[in-house]
Amino acid sequence: MMRSWILPVLFVLSGSVVATAEFFEGSPGIAAAILLVFLALGGMNSPLIFPRSIGEPEARRRSADDGRPVVFWRPGCAYCIRLRFRLGRSARRLHWVNIWRDPAGAATVRAANGGNETVPTVVVAGRPHTNPGPDWVREQLPAA
């Protein structure tokens, strides 16, 4: 759990150091802008944005049981963040696999995308779909 917070904390700490240096050099506006950028980077990479990731074998098993799609993603991916935000609360009904933390998930994405780790890749009923639209993904969710 703690490892998933290392990158966001490093962004916040780094931004704080750089912003403090700018502030003491007499540029409070630039310091504020830098701090905001680093806070945004930290937030985009934080585990708070995405539902808890599970491993690819577990996601595949759960998807077979409940029919929900599996989303393969990675931290910092703008398309993954867009998908997550546009899905809203529906995102919690999907199975999320972080390919940077799960080698099996990364291998699945590479197999589906000609050797590339293109995310988000959404697997529905065993068929991969690369960077699908949020509305399409929402339609693939089984009725509650």
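The values are calculated or read from the model by the stated rules, or taken from the named source; none is laboratory data. Everything numeric in this text was worked out from a predicted model, so none of it was measured. A quick note on method: Cβ atoms are made from the backbone with ideal geometry, for glycine too, and the neighbour counts reach across all protein chains shown.
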*Only one of these is touching a helix residue (DSSP H, G or I) at 6+ places or on another chain (Cβ under 6 Å) and assigned by TED's automatic domain parsing to the domain that holds Arg82: Pro69, Pro51. Name it.*
Pro69
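Checking the conditions here, which among Gly29, Gly88, Gly126 is assigned by TED's automatic domain parsing to the domain that holds Ile6 and more than 23 Å from Leu7 (Cα to Cα)? Break it down into steps so the answer makes sense when it comes.
Details: Gly88 fails: assigned by TED's automatic domain parsing to the domain that holds Ile6; Gly126 fails: assigned by TED's automatic domain parsing to the domain that holds Ile6.
Checking each option against the conditions leaves just Gly29.
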*How many of the residues in region 71-84 are part of a strand (DSSP E or B) and either among the small types (Gly, Ala, Ser) or more than 22 Å from Ile6 (Cα to Cα) (or both)?*
1
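When only residues in region 11-50 that are at pLDDT below 90 and either surrounded by fewer than 17 Cβ atoms within 10 Å (Cβ to Cβ) or of a type in the set (D, E, K, R) (or both) count, which is farthest from Trp96 (Cα to Cα)? Spell out the reasoning first.
Taking region 11-50 as the starting set, the residues that turn out to be at pLDDT below 90 are 40-50.
From the residues that got through so far, the ones that are either surrounded by fewer than 17 Cβ atoms within 10 Å (Cβ to Cβ) or of a type in the set (D, E, K, R) (or both) too are 40, 43, 47-49.
On the way: Ala40: 22, Gly43: 18, Pro47: 12, Leu48: 13, Ile49: 12 Å.
In this case the residue turns out to be Ala40.
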*List the pairs whose first member sits in region 32-58 and is farther than 11 Å from Pro8 by Cα, whose second member is of a type in the set (D, E, K, R) and part of a loop (DSSP other than H, G, I, E, B), and whose Cβ atoms are under 8 Å apart, counting only residues at least 6 apart or on separate chains?*
Ser53/Arg101; Ser53/Asp102; Gly55/Asp102; Glu56/Asp102
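Name the residues in region 85-144 that are assigned to a loop (DSSP other than H, G, I, E, B), among the hydrophobic types (A, V, I, L, M, F, W, C) and within 18 Å of Met44 (Cα to Cα), would you? Don't jump to the end; show me each part of the working.
Our first condition is that a residue be assigned to a loop (DSSP other than H, G, I, E, B); within region 85-144, this holds for 94, 99-102, 113-120, 125-126, 131-133, 141-144.
Narrowing the set further to residues that are among the hydrophobic types (A, V, I, L, M, F, W, C) leaves 94, 99-100, 119, 125, 141, 143-144.
Correct list: Ile99, Trp100, Val119.
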*asked:* Being within 13 Å of the chain's Cα centre (by Cα) and either over 16 Å from Asp102 (Cβ atoms) or among the basic types (Lys, Arg) (or both) is the filter here; which residues of region 58-74 pass it?
replied: Arg74
